[in-house]
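The values are calculated or read from the model by the stated rules, or taken from the named source; none is laboratory data. In this text, all values refer to a predicted model and were calculated from it rather than measured experimentally. Virtual Cβ from ideal backbone geometry, glycine too; neighbours counted across all protein chains shown.
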Amino acid sequence: MISTVLVANRGEIACRIFRTCGELGIRTVAVHSDADENALHARVAETAVRLPGAAPADTYLRGDLIVKAALAAGADAVHPGYGFLSENAGFARAVLDAGLTWIGPPPQAIEAMASKTRAKRLMGLAPLGEVTDADLPVLVKAAAGGGGRGMRIVRRLAELPAALEAARAEAASAFGDGEVFVEPYVERGRHVEVQILADTHGTVWPLGTRDCSLQRRHQKVVEEAPAPDLPPALTEEVYGLAVRAARAVSYVGAGTVEFLVAEGRAHFLEMNTRLQVEHPVTEAVYGVDLVAEQIRIAEGHALPVEPPPARGHAIEARLYAEDPARDWAPQTGVLHRLAVPAGVRLDTGYTDGDPIGVHYDPMLAKVVAHAPTRAEAVRRLAGALRTAEIHGPVTNRDLLVRSLGHPEFTSARMDTGFYDRHLPALTAPAADPHAPLAAALADAHGRSRFGGWRNVPAQPQIKRYELAGEVHEVRYRHTRQGLTAEGVRVVHADASRVVLEVDGVRRTFHVARHGDQVHVDATRLTALPRFPDPAAQLAPGSLLAPMPGTVVRVAEGLAEGERVRAGQPLIWLEAMKMQHQIAAPAEGTLTALHATPGRQVEMGTLLAVVETGRR
């Protein structure tokens, strides 16, 4: 029997595994980088071990340090979670060689399937060889790992060399393996996958389907179980292929076989030899705890012959600290508040007051809704996200709510190109027009003395807020009757709650302020000084770092005084294991270049200046 589990991971998945271990009476051990010393996963575990010496971004790839930590802490088993070393056969062997129990598939199964190129050959497929114009568009893909890292779509043959180089660098940084391959890119397919659970006694469960078609940068955003409107014959086909893949490598434990479904056909993508991020939707539908089953299987227990019946529908949304309207730029800062309504599941690695750093994936949490029907699950999840308290950096919350209400999604006609088609409309500013006034009235109450009333006619008070890229100026007055504003009746105002009546309709706004950040329900504003500092203005054409990160590359031969064309890639930043390209905003002359490879920059750092019209 397993008594103590070390989780070789961080964040949300480590906390989720610790929760099940606690329910089973199993002791828990966390590992952490220096950057994660005070992270939630390190705080909730019974024991935590620092992984010394490595850069924060690479710490969790040091299998040798993790095995030493397990032995030092008295763990007798290791769970890899997902990402990092979860699909590394060498790490699995090192765990087993140390006399520890590996809560995962056998190393030989990982080896056979963790490399997508080997997996395709095992399934009788092969990646493309020499690419020609006739093969386009194609997808450059990392052979190891997942999560959208090391992937690039190529539509012009001339773009292939740069895409290969960028994908290799990103894959090497994220997974320690820079191998990539090329395969045909299917424009309008659905991402459908089958959850597999297999024991050491020959039983393999195909535990339902999931649809994960809503993706950004090839990384899933919304997932659901079962995959809606999948014909029964196609469902049976993917079940059969998934079981065949598992049996072909003598698979043990939890795994996922992924397919791209297009024009009634299922195209094998890969097998993930680990627990998936989206496993909670399967747990909700089948009433199982997949982590508990992984532990039971690692202890040698047999699965029942048949899996439990499916009940209802479940949908999961990944909440990211990122700005979808700015090319999904990751955001950093303090997460002041994260709370969702009762009735949905919240899996997170953060709690109120935790910092969101630059070193790791920007996912804050997963929010999961389960209901008897798909329509009810969609409505429940959208409502929970809409009313959740999320105070801190910009997130994709509004995008998720709008996505769940889009006709293509509600009618189950979505595909992996959903955001390519709809992102501009889904991210168009649509903030509550009364939010700035509510923010100002709450602030006025919190700062006023003696009600702020004077016995002489008073000039209106003016406050300015930035909202969705625009500056809003609001005016209000202190009177004998209290706070007033044009066009509305102020029913109530205090520092955290404002009630306004507009055209006979009363609305309540909940307000929270953290420094210059103001959250009015789901609307995030920035309080601005009434008189901006003219010295703070930047030269036209200034290119600023869209996020904290590291400059990994500057365009070859780029120098001050050179002409650049609109859209020309100039600088590459790496943040949260992803590379982000910064291009010239217009044709012009590069008059300043401050970016150099290896330089660490904060968000808003001036990287370069392109002056238009200058020769």
Q) Which strands (runs of 3 or more DSSP E) does the stretch 485-526 wholly contain that include 3 or more residues that are of a type in the set (Val, Ile, Thr)? A) 497-502, 505-514
Q.
Take the conditions in contact with a Gly (Cβ under 6 Å, 6 or more places away or on another chain), buried (at least 21 other Cβ atoms within 10 Å of the Cβ), of a type outside the set (Phe, Trp, Tyr) and not assigned by TED's automatic domain parsing to the domain that holds Ser173 and apply them to Leu85. Does it pass?
A. yes
Q | Test set (1) surrounded by fewer than 22 Cβ atoms within 10 Å (Cβ to Cβ); (2) farther than 30 Å from Arg524 by Cα - Thr332 fails condition number | A | (2)
Q) If you go through the stretch 1-18 one residue at a time, how many are polar (S, T, N, Q) and assigned to a strand (DSSP E or B)? A) 1
Q: Please report, ordered by residue number, the strands (runs of 3 or more DSSP E) entirely within the stretch 127-215 with at least 1 residues that are among the small types (Gly, Ala, Ser), touching a residue at least 12 places away in the same chain (Cβ under 8 Å) and under 17 Å from Asn272 (Cβ atoms).
A: 138-142, 190-198
Q: Determine whether Thr132 is of a type in the set (S, T, N, Q) and more than 30 Å from the chain's Cα centre (by Cα).
A: yes
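Within the stretch 19-36, restricting attention to residues that are assigned to a loop (DSSP other than H, G, I, E, B) and over 22 Å from the mean Cα position of the chain (by Cα), which residue is nearest to Met578 (Cα to Cα)?
The extreme case among them is Ile26.
Going through Thr427, Thr332, Thr348 one at a time, which residue ends up being closer than 28 Å to Gly81 by Cα, touching a Lys or Arg at 6+ places or on another chain (Cβ under 9 Å), touching a residue at least 12 places away in the same chain (Cβ under 8 Å) and not hydrophobic (A, V, I, L, M, F, W, C)? Can you show your working first?
Numbers: Thr427 fails: closer than 28 Å to Gly81 by Cα; Thr332 fails: touching a Lys or Arg at 6+ places or on another chain (Cβ under 9 Å).
Selected residue: Thr348, the only one of Thr427, Thr332, Thr348 that is closer than 28 Å to Gly81 by Cα, touching a Lys or Arg at 6+ places or on another chain (Cβ under 9 Å), touching a residue at least 12 places away in the same chain (Cβ under 8 Å) and not hydrophobic (A, V, I, L, M, F, W, C).
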Q | Residues satisfying the stated conditions in the stretch 37-59, i.e. closer than 16 Å to Asp347 by Cα and either in a strand (DSSP E or B) or aliphatic (A, V, I, L, M) (or both) | A | Ala39, Leu40, Ala42, Val44, Ala45
Q. Among all residue pairs at least 6 apart or on different chains, which show Cβ distances below 6 Å where the first residue, located in the stretch 11-34, is within 16 Å of Tyr82 (Cβ to Cβ) and assigned by TED's automatic domain parsing to the domain that holds Ala77 and the second is β-branched (Val, Ile, Thr) and assigned to a strand (DSSP E or B)?
A. Glu12/Thr348; Ala14/Val7; Ile17/Val7; Phe18/Thr28; Val31/Val49
**Q.** Condition broken by Asp516, with the remaining ones in (1) free of Cβ contacts under 8 Å to residues at least 60 places away in the same chain; (2) farther than 21 Å from Pro429 by Cα satisfied
**A.** (2)
Q: Give the residues of the stretch 556-578 that are crowded, with 19+ Cβ neighbours inside 10 Å and touching a Leu at 6+ places or on another chain (Cβ under 8 Å), sorted by residue number.
A: Val564, Leu570, Ile571
Q) Are there any pairs, at least 6 apart or on different chains, whose C-beta atoms fall under 6 Å, with the first in the stretch 543-565 and closer than 29 Å to Pro324 by Cα and the second surrounded by fewer than 16 Cβ atoms within 10 Å (Cβ to Cβ) and of a type in the set (S, T, N, Q), and if so, which? A) Thr550/Gln600
Q: Please specify each residue of the stretch 469-517 satisfying the condition of being crowded, with 16+ Cβ neighbours inside 10 Å and either on the phi > 0 side of the Ramachandran plot or under 32 Å from the mean Cα position of the chain (by Cα) (or both).
A: His472, Gly482, Phe509, Val511, Ala512, Arg513, Gln517
Q) For the subset of the stretch 245-264 comprising residues that are touching a residue at least 12 places away in the same chain (Cβ under 8 Å) and surrounded by fewer than 18 Cβ atoms within 10 Å (Cβ to Cβ), which member is nearest to Val204 (Cα to Cα)? A) Arg247
Q. What is the one condition in (1) among the basic types (Lys, Arg); (2) under 20 Å from Gln294 (Cα atoms); (3) not assigned by TED's automatic domain parsing to the domain that holds Met414 that Arg168 does not satisfy?
A. (2)
Q.
Among the residues that make up the stretch 266-278, is at least one of them touching a residue at least 12 places away in the same chain (Cβ under 8 Å), assigned to a strand (DSSP E or B), of a type in the set (Phe, Trp, Tyr) and surrounded by fewer than 22 Cβ atoms within 10 Å (Cβ to Cβ)?
A. yes
Q. Does at least one position in the stretch 582-593 carry a residue that is under 26 Å from the mean Cα position of the chain (by Cα) and outside the structural domain of Met363 (by TED's automatic domain parsing)?
A. yes
Q) If you take the residues of the stretch 60-102 that are hydroxyl-bearing (Ser, Thr, Tyr) and not in a loop (DSSP other than H, G, I, E, B), which of them is farthest from Gly300 (Cα to Cα)? A) Tyr60
Q) Within the stretch 396-427, how many residues are touching an Asp or Glu at 6+ places or on another chain (Cβ under 7 Å) and not in a helix (DSSP H, G or I)? A) 4
Q: Within the stretch 302-323, identify whether any single residue is under 23 Å from the mean Cα position of the chain (by Cα) and in a helix (DSSP H, G or I), and answer yes or no.
A: no
Q: Tally the residues that are more than 21 Å from Ala371 (Cα to Cα), in a helix (DSSP H, G or I) and either acidic (Asp, Glu) or not assigned by TED's automatic domain parsing to the domain that holds Ala317 (or both), restricting the search to the stretch 279-300.
A: 1
(Q) Any residue at all in the stretch 568-578 that's among the charged types (D, E, K, R), part of a loop (DSSP other than H, G, I, E, B) and touching a residue at least 24 places away in the same chain (Cβ under 8 Å)? (A) yes
